[in-house]
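What follows draws every value from the coordinates through simple rules; no lab data is involved. Every value quoted in this text rests on a predicted model; they were computed, and no experiment measured them. As a convention, Cβ positions derive from the backbone with ideal geometry for all residues, glycine included, and neighbour counts pool all protein chains shown.
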Amino acid sequence: MKEKVSVSEMNYREKLKYKTIIKIINGKIDKKKASIIIGCSERRINQLINIYKTQGKFGFIHKSKYNIPFNKLDSSFREKIVNLYKEKYYDFNFTHFREKLRDIENINIPYGTLYNILSEGNIKSPKKNRKSKKQNLHPSRERKKYFGELVQIDASVHLWFGNFKTYLHAAIDDATGNVLGAYFDTGETIKGYYEMTYQILTNYGIPMTFYSDRRTIFEYYSKKMVNIEKDTFTQFEAACDKLGIEIITTSVAQAKGKIERLFGTFQSRLVAELRFHNINTIEKANQFVKEYLPVYNKQFALPINYNKSFMEESPSTDLINLYLSIFTTKTVNNGSTIKHKGFLYYPELNHQRINLVPKTKVIFIESFDRKFYILYQDKFYNAAKLIIEQHTSKKIKKEKNVYRPPASHPFKAASYQKYIEKHNSKKKIIS
């Protein structure tokens, strides 16, 4: 407990009482006016005068101000929390960091305590540096009532992991907020949306509607069209049409609020998780995100009520692989083969090659499971790869005729004569 107290250590209420009592003692104001200033009775004013005379300034300060709380955290513990954040969890927001402390470090503390510890350590949450959003001029709408009634899909480019930007394709159910599928790719591609759709079909079923932005992956309009009917299906539209999924498109990003907010949450949480697990390749990221989605859904999404579901039963895996195919129009070349991605293929039926007339138009099909087919006159054929054997003759190395001069050659004569003399002298010694 301090013996000397300065006015600067008092709070506003304590200063008011102290200065008012001083004015009474000095005769500047009376007790009635002092009671109005402080907001108390004249009886309390007499008590405060008595406190000043017996205790001085210290009597106006709360008695527990300089007492150390019994539940105050140890300084070493507070230092441990700060070091953990700086060394391991530096890109986590405070709520996410608190979850990691609880689940991994076995430290369970209230959010307010954690916030105070980090603030005292001059640490600000990553969200502090983000720009505040402008006023939302788009009215909110009610979420759908049934699971699978509407699924919002989109892709977001971001520095998700490593030192290069990638695109995360994702789908979220409008009714429950469950993330149904996610896939990383180098661009916003049909492969990314096919992979995402495959996860939905195999894990949940066939949804009623996809809600997307107005990209050429989802819809195509010819500039020469006169009426409002569609000119042709895109690859993704054709796959959804076979599965019975309706596609609704919009050019307003705010209309797909759930998927946009999901990407904001993922940029805060998923980026930190990928960095924490040392993931720096697309293959590892796609494997991780499959394991991460159930954990995310359990924490942030509503439970799925399958009794109130618009999801239909998925077709067999073989049909899914065929529906999620890429169709390309090809021309048969002079060798009765079709060129695709640098390789030559020919139609095959019952292990027998089918020869087509050159310059014939066919549909080349690459299925989701990377199998190839050829469609010609409404008939499917297996696409067999043409293996070109290159026959090369072995090179026979001929031994060169090396000329070796005889010992009697003038170039060797002197050294040869020394050798003969040395050899003869050895014979004489032995004999």
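Listing for the model above:
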read-out: Rg and Dmax [Cα atoms of the stretch 7-60; Å; Rg one decimal, Dmax integer]; value: 10.2, 28
read-out: Unit charges on C-beta of K, R, D, E only; dipole of the stretch 325-385, Debye; value: 200
read-out: Gain on full stretching of the segment that runs from LYS65 to HIS340 - 0.36 nm per residue minus C-alpha separation; value: 90.9 nm
read-out: Sites LYS57 and SER119 - FRET efficiency at Förster radius 25 Å, r taken between beta-carbons, to 0.05; value: 0.20
read-out: Of LYS72/LYS100; LYS191/LYS359; LYS330/LYS359, those spanning more than 18 Å from alpha-carbon to alpha-carbon; value: LYS72/LYS100; LYS191/LYS359
read-out: Contour excess over end-to-end distance, with Cα ends at ASN108 and ILE388 and 0.36 nm allotted per residue; value: 94.2 nm
read-out: For the stretch 329-389 versus the stretch 256-278, the gap between their alpha-carbon centres in whole angstrom; value: 43
read-out: Pairwise FRET efficiency - VAL157 versus SER316, Cβ, R0 = 35 Å, nearest 0.05; value: 0.50
read-out: Loop GluC sites (Glu not before Pro), the stretch 298-355 (other Cβ atoms within 10 Å of the site Cβ: 13 or fewer; DSSP); value: GLU313
read-out: Residues whose placed amide H lies under 5 Å from that of ASP213, excluding near-sequence neighbours; value: THR250
read-out: Cα gyration tensor, the stretch 325-385 - rounded (a/c under 1.5), prolate or oblate; value: rounded
